[in-house]
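This report concerns only the one structure given below.
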Amino acid sequence: MTLAGRGAVVTGGGRGIGAAVASAMAAEGAAVVVTARTAGEIEAVAGGLRERGAAAHAVVCDVTDPASIAALAERAREHLGKVDILVNNAGVAVSAPFQRVTLEQWESVHRVNATGPLLVTQAFLPGMMERGWGRIVNVASIASLEGARYITAYAASKHALIGMTRCLADELGGTGVTVNAVCPSYVDTPMTDENIERIAATTGREAETIRAGLEEMQPGGRLIAADEVAHAVMAFLPDAAAPMQGSELVIRGGRRGSAR
């Protein structure tokens, strides 16, 4: 694969999956804008990519703020000339029993995980359609396709993201622009670490015990690596991936309930 001459934007690009995706695309020649709310993190990622000879830029953006997204779109076009690839990776998670899910939790999670991808995609899609080539990849979750205890707000927001992906895919048929989603199980990222710490603080259980329990739940007996998710994202980007439209690529290390 080569992405030489392609411009790419990665939201939530300061760490974890987003940083891994930005690195993978830069390694294939793409010029990359990494964006998130935390300037220090995205500057570190972009700086590291530049040290490797890549064209990389950091732009602060809050995906829940339309004005911030408009500024991102303008800066991205200034840096890249054109944006061919968008990876909607920014996300947040909360955990709580159903009866303790607050309205604020529900709305804040949906603003980032569902409304954010809608608004960011609307900002970059017209240019892709005008040029007749584009790749949009939404980083969803295994929770987009099934439920589990204590993740009502998160799972509902990721189900919404899959719904958006499928509906947009139907609209994009024949345009040269594709939209697809990756659905990883628990990934070894700072967000997972933060969730484990929250659960530990709430339940009084040891964080190491909680992590071991999550690993035991996975068909492969371990958490998915961020680089493995990035590899899945890359599968949707080549010219040869044009027929892949409205697909969900599940990354879980095995079939649900399979023996290890």
**Study point:** Top-ranked residue of segment 25-44 - restricted to ones that are under 16 Å from the mean Cα position of the chain (by Cα) and buried (at least 24 other Cβ atoms within 10 Å of the Cβ), ranked as nearest to residue 238 (Cα to Cα)
**Key:** 25
Review point. Of the numbered conditions (1) buried (at least 22 other Cβ atoms within 10 Å of the Cβ); (2) among the aliphatic types (A, V, I, L, M); (3) within 16 Å of the chain's Cα centre (by Cα), residue 160 satisfies every one except a single condition; which is it?
Key: (1)
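Within segment 168-215, work out how many residues are within 30 Å of residue 85 (Cβ to Cβ) and not polar (S, T, N, Q). If you could, list the steps in order and put the result at the bottom.
As a first pass, look at segment 168-215 and keep what is within 30 Å of residue 85 (Cβ to Cβ): 168-195.
Restricting the remaining residues to those that are not polar (S, T, N, Q) gives 168-174, 176-177, 179, 181-184, 186-188, 190-191, 193-194.
Residues that pass the stated criteria total 21.
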Study note, to complete from the structure: Scanning segment 177-205 residue by residue, the ones that are open to solvent by less than 20 Å² (accessible area, probe 1.4 Å), among the hydrophobic types (A, V, I, L, M, F, W, C) and over 16 Å from residue 231 (Cα atoms) total 4
Practice item. Pull up segment 140-154, narrow it to residues that are open to solvent by 30 Å² or more (accessible area, probe 1.4 Å) and of a type in the set (Gly, Ala, Ser), then point me to the one that is nearest to residue 117 (Cα to Cα). Key: 147
Review point. Quick one: what pairs do we get from segment 168-183, first residue without any contact (Cβ under 8 Å) to a residue 60 or more places away in the chain, second part of a helix (DSSP H, G or I), C-beta under 6 Å, 6+ apart or different chains?
Key: 175/129; 177/128; 177/129
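Rundown of residues vs (1) within 23 Å of residue 203 (Cβ to Cβ); (2) open to solvent by less than 20 Å² (accessible area, probe 1.4 Å); (3) in contact with a Pro (Cβ under 8 Å, 6 or more places away or on another chain); (4) assigned to a helix (DSSP H, G or I), yes/no style:
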| site | (1), (2), (3), (4) |
| --- | --- |
| 107 | no, no, no, yes |
| 117 | no, yes, no, yes |
| 122 | no, no, no, yes |
| 126 | no, no, no, yes |
| 130 | no, no, no, yes |
| 136 | no, yes, no, no |
Review point. Any idea which of (1) closer than 19 Å to residue 135 by Cα; (2) assigned to a helix (DSSP H, G or I); (3) open to solvent by 50 Å² or more (accessible area, probe 1.4 Å) is the one residue 5 doesn't satisfy?
Key: (2)
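Got a sec? Which of 140, 169 is within 30 Å of residue 5 (Cβ to Cβ) and in contact with a Cys (Cβ under 7 Å, 6 or more places away or on another chain)?
Numbers: 169 fails: in contact with a Cys (Cβ under 7 Å, 6 or more places away or on another chain).
Result: 140 is the single residue among 140, 169 that is within 30 Å of residue 5 (Cβ to Cβ) and in contact with a Cys (Cβ under 7 Å, 6 or more places away or on another chain).
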Review point. Which of the residues that make up segment 75-94 are of a type in the set (Gly, Ala, Ser), open to solvent by 10 Å² or more (accessible area, probe 1.4 Å) and more than 16 Å from the chain's Cα centre (by Cα)?
Key: 81
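The values are calculated or read from the model by the stated rules, or taken from the named source; none is laboratory data. Not measured: the values here are computed from a predicted model. Glycine gets a Cβ as well: all are built from the backbone with ideal geometry, and neighbour counts include every protein chain shown. Areas reflect the complete protein model, heavy atoms only, side chains present, ligands, DNA and RNA absent. Shrake-Rupley method; radii C 1.70, N 1.55, O 1.52, S 1.80 Å.
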